[in-house]
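Asker: Let me give you the structure first, and then I'll get to my questions.
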Amino acid sequence: MTPLITAFERSPDGGRGLARDMRVRWALEEVGQSYDVRLLSFGEMKEAAHRALHPFGQIPTYEDGDLALFESGAIVFHIAERHRALLPDDANARARAIAWMFAALDTVEPPIFERAIAAIIEREEPWFEHRQNVLAGNIRKRLDDLSNHLGDSDWLDGAFSAGDLLMVHVLLRLKGSDMLDEYPNLSAYVVRGEARPAFKRAFEAQLAAFAGKPSTGE
Ligand code: GTB
């Protein structure tokens with residue numbers, strides 16, 4: 001069966017690939033699995049039919065046969081387990097790659113996402129600039145350590161893995177910001193991720209969806 005994922009009918013990011021269906025599309029492209037996409041409006045996400053798939057009424061979801069999944073990390077993990085291309089065979093290397101998946105979502109993404117949301121909802125507050133700087137400091141702490149770990153390597157732990165896929169996608173939100181530019185090796189790491197043919201196909205597919213064109217992963 002062809003897996004079916006959900007994505008924004010019209011992503012608020014204007015097709016920059018920041019919404020979390022992008023990481024699922026990318027994982028599917030990396031393993032060579034075609035997929036279908038159901039595009040949803042914000043209203044449709046909150047309807048019972050979608051909530052039956054996603055308890056929080058969000059995208060992305062993933063359906064394949066009698067399996068329905070939510071949470072982009074769990075979906076990417078499932079794809080990686082099913083197809084083997086995104087996780088190493090060696091048990092210890094595999095465990096470390098999974099650790100990097102969690103690090104991307106649980107350690108690096110939260111401060112980046114918090115600042116991005118604050119930039120929108122706190123814009124009119126008199127303390128806006130101060131808090132943005134505080135939140136930028138939190139991000140830099142993570143980037144310092146990530147940059148030190150990555151050093152001159154291409155990927156976080158040997159070959160490209162699902163850990164890199166999620167980390168690059170998380171860092172993508174900082175693209176073009178001074179913060180990422182302060183870390184040349186992290187900037188190059190993101191560029192390396194974006195240069196992967198699978199990333200490009202996934203990016204084009206989500207952009208086509210934003211532009212209102214038919215969007216599948218075929
Ligand atoms: N932890 C979940 C996961 O990883 O799957 C989080 C899912 C989530 O946050 N989904 C968002 C959503 O459905 C879209 S991706 N939001 C609608 C809602 O909650 O009602 C987050 C996102 C949204 C917008 C942008 N953007 O415009 O740049 C980027 C990322």
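Laboratory data are not the source of any read-out in this text; all were calculated from the coordinates shown. Nothing here was measured: the structure is a model prediction, and the numbers come from that model. Here Cβ is always computed from backbone atoms with ideal geometry, including for glycine, and neighbour counts include all displayed protein chains.
Asker: Any residue in the range 66-75 that is farther than 20 Å from Ser11 by Cα and in contact with a helix residue (DSSP H, G or I) (Cβ under 9 Å, 6 or more places away or on another chain)?
Answerer: Step one: filter the range 66-75 for residues farther than 20 Å from Ser11 by Cα, giving 66-69, 74.
Retained after the next criterion (residues that are in contact with a helix residue (DSSP H, G or I) (Cβ under 9 Å, 6 or more places away or on another chain)): 67, 69.
Yes, the conditions are met somewhere in the range 66-75.
Asker: With (1) part of a loop (DSSP other than H, G, I, E, B); (2) away from the ligand (no atom under 11 Å from the Cβ); (3) aliphatic (A, V, I, L, M) as the list, and Ala19 as the residue in question, which single condition is left unmet?
Answerer: The failed condition is (2).
Asker: Let me ask something else. Being under 15 Å from the mean Cα position of the chain (by Cα) and not in a helix (DSSP H, G or I) narrows it down to one of Leu53, Leu86, so name that one.
Answerer: Numbers: Leu53 fails: under 15 Å from the mean Cα position of the chain (by Cα).
It is Leu86.
Asker: Go through the range 22-46 and give me each residue that's within 12 Å of the ligand (Cβ to nearest atom) and either in a loop (DSSP other than H, G, I, E, B) or under 13 Å from Ile75 (Cβ atoms) (or both).
Answerer: Within the range 22-46, Met22, Arg23, Val24, Ser41, Lys46 qualify.
Rundown of residues vs (1) surrounded by 13 or more Cβ atoms within 10 Å (Cβ to Cβ); (2) assigned to a loop (DSSP other than H, G, I, E, B); (3) more than 16 Å from the ligand (Cβ to nearest atom); (4) not polar (S, T, N, Q), yes/no style:
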| site | (1), (2), (3), (4) |
| --- | --- |
| Ala95 | no, no, yes, yes |
| Glu109 | yes, no, no, yes |
| Ile117 | no, no, no, yes |
| Arg131 | yes, no, yes, yes |
| Arg142 | yes, no, yes, yes |
| Ser147 | yes, no, yes, no |
| Trp155 | yes, yes, yes, yes |
| Gly158 | yes, yes, yes, yes |
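Asker: Starting from the range 65-81, keep only residues that are part of a helix (DSSP H, G or I), then list their pairs with residues that are of a type in the set (D, E, K, R) whose Cβ atoms are within a distance under 6 Å, requiring at least 6 positions of separation or different chains.
Answerer: From the range 65-81, the pairs are Ser72/Arg20; Ser72/Arg23; Val76/Arg23.
Asker: Given Gly193, Gly163, which one is touching a residue at least 60 places away in the same chain (Cβ under 8 Å) and of a type in the set (Gly, Ala, Ser)? Give the steps one after another, and end with the answer.
Answerer: Numbers: Gly193 fails: touching a residue at least 60 places away in the same chain (Cβ under 8 Å).
Residue meeting the stated conditions: Gly163.
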